[in-house]
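The values are calculated or read from the model by the stated rules, or taken from the named source; none is laboratory data. Given the structure is predicted, the values throughout are model-derived calculations rather than measurements. Note that we place each Cβ from the backbone using ideal geometry, even for glycine, and neighbour counts take in every protein chain shown.
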Amino acid sequence: MTVDPRIAFVTNRIVERSKPSREVYLQRLREMAEKGPFRSSLSCGNLAHGFAACGPDDKASLAGDVAPNLGIITSYNDMLSAHQPFETYPAQIRAAARDAGGVAQVAGSVPAMCDGVTQGQPGMELSLFSRDVIALSAAVGLSHNMFDAAVYLGVCDKIVPGLVIAALSFGHLPAVFIPAGPMTTGLPNDEKVRIRQLYAEGKVGRTELLAAESQSYHGPGTCTFYGTANSNQMLMEIMGLHTPGSSFINPGTPLRQALTSEATRRALAITALGNEFTPVGEMIDERSVVNGVVGLHATGGSTNHTLHLVAMARAAGIRLTWEDISDLSDAVPLLARVYPNGPADVNHFNAAGGLGFMIDQLLSIGLLHEDVRTVWGKGLSAYAVEAKLGANGTVVREPISKISGDAKVVTTADKPFQPTGGLKMLSGNLGKAVIKTSAVKPERHIIEAPARVFHDQSGLHAAFQAGTLTGDFIAVVRFQGPKANGMPELHKMTPPLGVLQDRGQTVALVTDGRMSGASGKVPAAIHVTPEAKDGGPISRIRDGDMIRLDAVTGKLDVLVDAAEFAAREPAQADLSHNEWGIGRELFARFRENAGTADEGASVLY
């Protein structure tokens, strides 16, 4: 298949930029891979400790250095719906591994926090940094050198990016990611939003709000809107780290169980002990990363991945930039309408053809690299399928239909919902930022209005409750970047701004914080960098300054005389209340050493 010249141009630019770091990465990876299965280098005491808790058969297999051993890295906890299904996975993986002549051990667990629980709470200030903690935790689990491959059990916001960083850091090992799937459909998203806005206006109480939220988030599995968690699953499949068709199958179903066993067998098949050795660091290359970005644009995915994809790519020595992401957005049409950029949820998306349909459509017009390596061992065409349960309880795959099951949810490449992707990069005299345009009506893609400045989202919320947010304005919420307070998501602002917009006011948001995959109908320039804590231009904005946010041309400017603006002293904020409580004091070094948003906001690179 011929790749679109625009896709090829950006890919080649990334390859050239990445050559020095990628070559060093691959050299180190190959040196590790040449040493072969690591158990052979362990002393008898080392090895005895490593399999002391195993049964006799597994001990015999591991002692012989012949049977492959899978390391399981799990994000299981039973408080969070997305990760609760993983409770039973290790036992199933161990059984499937034994049936295939291998062994599997839980190598380690990683923390998994939920932004839905910590939204608007102090714990949200640990959220972004948890990605790097997850990578470090997984590395500790794999450091025992007992494993020929690893399987990763993770779903939500920071968990999958952290696991990918870890997998690529152990890039000499094959890696297969095994999802849990979305919960079944609950309260329609439009109704959930309606109740939230009524609550923000004081027209319903906490009892009604909790009832609506509980109907939305009601059982095991991922939240069903297309936020970061489900964007993660899309990325893992389109980048070839899932088995084909496995991302959006509900938990606890026979097909979900069959896919888990199949993924286990596939991980065993691609170790260095077999004939299809697929070290993940070789498998994931610049083309795989570009495919991930294309998928993000085509589906209107999470803005968080403008941070995560940059950090994930760096773990493999690949230098992805916001310019690359923006240029790809200009080339990729929006082919999906899933909440928040449409009423459907991911179950509707999957039923309408889902990711298999999307991949097929994007391949048909050359917007994906087909000739990539995957854990399935074939090109990306193998992912343009629908996974089903066969008569004997195994997985069968059928070619995907060329016709959408619901054209309001997923569309064909010749009839896109909009000609460009769902994410846009902004630049101007306020620095660089990101905006998710897929849920914003076209008439709101350009906003020019005076600034209303706040130093946290509570200040904006208080102004809304007091009725002082009148007229047209652009809310500037600053000192929310990674160095200031860990760059929390700021969804507490979404309902009030949505209410004001519905009342007819022209409103928008500019912030150095995050809004994630749930960025909705209000124009929001987020991830502004340099951040206010670093003295970035956003720290010199004053109430009443005219700001122009132009998502069409990709501009973000304050319309103030340049000399006057440059002469202003940066604002200061008292951040002492962000430095302790709910574990925040433990992350002081993270805040001090965090990178900029456009470089992934990581402490690891």
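Pick from 139, 167: which is surrounded by fewer than 21 Cβ atoms within 10 Å (Cβ to Cβ) and under 21 Å from the mean Cα position of the chain (by Cα)?
Just one listed residue meets the conditions, 139.
Residue 586 fails exactly one of the following numbered conditions: (1) within 30 Å of residue 193 (Cβ to Cβ); (2) free of Cβ contacts under 8 Å to residues at least 12 places away in the same chain. What is the number of that condition?
Among (1) within 30 Å of residue 193 (Cβ to Cβ); (2) free of Cβ contacts under 8 Å to residues at least 12 places away in the same chain, the lone unmet condition for residue 586 is (1).
Pull out all pairs, ordered by first then second residue, where Cβ-Cβ is under 7 Å, the residues are six or more apart or on different chains, the first lies in segment 144-158 and is buried (at least 24 other Cβ atoms within 10 Å of the Cβ), and the second is β-branched (Val, Ile, Thr) and assigned to a loop (DSSP other than H, G, I, E, B).
148/271; 149/270; 149/271
Determine whether segment 557-571 contains at least one residue that is closer than 16 Å to residue 431 by Cα, buried (at least 16 other Cβ atoms within 10 Å of the Cβ) and either of a type in the set (Val, Ile, Thr) or touching a Pro at 6+ places or on another chain (Cβ under 7 Å) (or both).
So far as segment 557-571 goes, yes, one or more of its residues are closer than 16 Å to residue 431 by Cα, buried (at least 16 other Cβ atoms within 10 Å of the Cβ) and either of a type in the set (Val, Ile, Thr) or touching a Pro at 6+ places or on another chain (Cβ under 7 Å) (or both).
Enumerate the helices (runs of 4 or more DSSP H) found wholly within segment 76-143, keeping only those where 3 or more residues are of a type outside the set (Ser, Thr, Tyr) and closer than 30 Å to residue 60 by Cβ.
89-99, 127-142
So residue 272 clears everything in (1) among the aliphatic types (A, V, I, L, M); (2) buried (at least 24 other Cβ atoms within 10 Å of the Cβ); (3) more than 23 Å from residue 128 (Cβ to Cβ) except one condition, right? Which one?
With (1) among the aliphatic types (A, V, I, L, M); (2) buried (at least 24 other Cβ atoms within 10 Å of the Cβ); (3) more than 23 Å from residue 128 (Cβ to Cβ) applied to residue 272, the lone miss is (2).
Please tell me if residue 602 is buried (at least 20 other Cβ atoms within 10 Å of the Cβ), at pLDDT 95 or above, assigned to a loop (DSSP other than H, G, I, E, B) and not aromatic (Phe, Trp, Tyr).
yes
Give all pairs with beta carbons closer than 6 Å in which a residue from segment 79-97 that is closer than 21 Å to residue 51 by Cβ meets a residue that is of a type in the set (Ser, Thr, Tyr) and surrounded by 15 or more Cβ atoms within 10 Å (Cβ to Cβ); count only pairs at least 6 apart in sequence or on separate chains.
92/260; 93/264; 96/261; 96/264; 97/264
Determine which member of the set 219, 227, 252 is under 26 Å from residue 348 (Cβ atoms) and at pLDDT 90 or above.
Going through 219, 227, 252 in turn, just one is under 26 Å from residue 348 (Cβ atoms) and at pLDDT 90 or above: 252.
Would you point out the residue of segment 144-175, among those that are part of a helix (DSSP H, G or I) and not β-branched (Val, Ile, Thr), that is nearest to residue 227 (Cα to Cα)?
161
Collect the residues in segment 465-490 that are part of a helix (DSSP H, G or I) and either buried (at least 21 other Cβ atoms within 10 Å of the Cβ) or at pLDDT 95 or above (or both), keeping them in residue-number order.
Selection gives 482, 483, 484, 485.
So is residue 296 within 26 Å of residue 223 (Cα to Cα) and within 14 Å of the chain's Cα centre (by Cα) or not? Full working, then the answer.
Values: within 26 Å of residue 223 (Cα to Cα): yes; within 14 Å of the chain's Cα centre (by Cα): yes.
In short, yes.
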